Amino acid sequence: MKVTVDDERCRGHGVCCSLCPEVFDLSEDGYAVAQVPLVPVEFEDAVRSAAGMCPERAITVH
Ligand code: F3S
């Protein structure tokens, strides 16, 4: 599974980083970045939750 964050939609709410800090991090300017292009299997559920809970719908799983 792949994950991307749309940096034009992200507003830095940080829900993703709280739910799965192993995959998401906040950049210096306060927006989320996916630290790994391929999500390890053990984090897939957390990443799906983050995608569903992001208020800006900025996270896409592929
Ligand atoms: Fe950005 Fe959504 Fe995460 S707004 S910081 S991708 S919860």
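Could you please find all residues in the stretch 18-62 being small (Gly, Ala, Ser), within 10 Å of the chain's Cα centre (by Cα) and within 13 Å of ASP7 (Cβ to Cβ)?
The answer is ALA32, ALA34, ALA58.
Anything in the stretch 6-17 that is open to solvent by 100 Å² or more (accessible area, probe 1.4 Å) and within 10 Å of the chain's Cα centre (by Cα)? List them, or say none.
Step one: list which residues in the stretch 6-17 are open to solvent by 100 Å² or more (accessible area, probe 1.4 Å), which gives 7-9, 11, 13.
Passing the criteria: none in range.
For the stretch 40-62, how many residues meet the condition of being loosely packed, with under 15 Cβ neighbours inside 10 Å and charged (D, E, K, R)?
Final tally of qualifying residues: 3.
The values are calculated or read from the model by the stated rules, or taken from the named source; none is laboratory data. Nothing here was measured: the structure is a model prediction, and the numbers come from that model. Counting neighbours? That spans all protein chains shown, and the Cβs are built from the backbone with ideal geometry, glycine included. Side chains are part of the model used for accessible areas, which takes the heavy atoms of the whole protein and leaves out ligands, DNA and RNA. Shrake-Rupley method; radii C 1.70, N 1.55, O 1.52, S 1.80 Å.
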